[in-house]
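Comments concern the structure below.
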Amino acid sequence: MLAGCRNGAKPSSPSGDAAVATLGVAPAQFADLAPGDTAGVVAMMRQTMRNIDAGLGQMTQRDTTLGGGADSVSHHLTTWLQQGVPRKLVVIDSAAHGQNNSETDVWFMGGDVAVLLQAADAYAFDSDRIVLWTDEALQPYREVAPPLVMAKQAKLIDAVHRWLAALGIRAP
């Protein structure tokens, strides 16, 4: 199982990041959860996505399209910013004629990637490190080799930084 959070404190997230649980306030970041608390990570992933999505209407939205030549894939990027800080990014990759579209959704806490959802996988991140890798239904994968996790997290974070840069946003 790939679950666990890094030790050490991180500065508090800006307002709007903390999720309210039934019996109190939920942790503001994945590192605040107990190591190995897979159910807590999944619950926090869902709450993070729900909370941010609920507030998109009050945020500043930016769009752009990259690529899209005769034989290349175009990328339509949309981001929502709260006080200049990214809160959500949606990237739609489409083939030349709009076939085989795929989508990547990224939710941010404090400007850092928190949750990344693709067609077949979802990831919880803390300080650019994958703390949980799940399928699209948020069911955790039980055995994932650490070298694969490290390669995947580097690839995903690099892609997010490139996408943000294309929108004129500098990643933290």
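Readers should treat all values here as calculations from the given coordinates under stated rules, not as data from a laboratory. In this text, all values refer to a predicted model and were calculated from it rather than measured experimentally. Methodologically, a virtual Cβ is constructed for each residue, glycine included, from the backbone with ideal geometry; neighbour enumeration extends over all protein chains shown.
First check a/c for the range 34-172, with a ≥ b ≥ c the square roots of the eigenvalues of its C-alpha gyration tensor; if it is under 1.5, answer rounded, and if not, answer prolate when a/b is larger than b/c or oblate otherwise.
Here the range 34-172 falls in the oblate category.
Using DSSP to call loops (not H, G, I, E or B), can you name the trypsin sites (Lys or Arg not before Pro) in the range 82-172 whose Cβ has at most 16 other Cβ atoms within 10 angstrom?
Here the trypsin sites (Lys or Arg not before Pro) that fit, given the DSSP loop and packing criteria, are R142, R170.
Could you tally the net charge around A54, taking each other residue with its Cβ under 12 Å from the Cβ of A54, Lys/Arg +1 and Asp/Glu -1?
With Lys, Arg at +1 and Asp, Glu at -1, the net is +2.
I need the GluC sites (Glu not before Pro) found in the range 103-144, filtered to DSSP loop residues with at most 12 other beta carbons within 10 Å of theirs.
E136, E143
Which FRET efficiency value, to the nearest 0.05, is calculated for H161 and A120 with the Förster distance at 35 angstrom and r the Cβ-Cβ distance?
Using R0 = 35 Å, I get an efficiency of 0.95.
Using 0.36 nm per residue of separation minus the Cα-Cα distance, give me the extension gain between D32 and D63 in nm, one decimal.
Residue separation times 0.36 nm, minus the Cα-Cα distance, leaves 7.9 nm.
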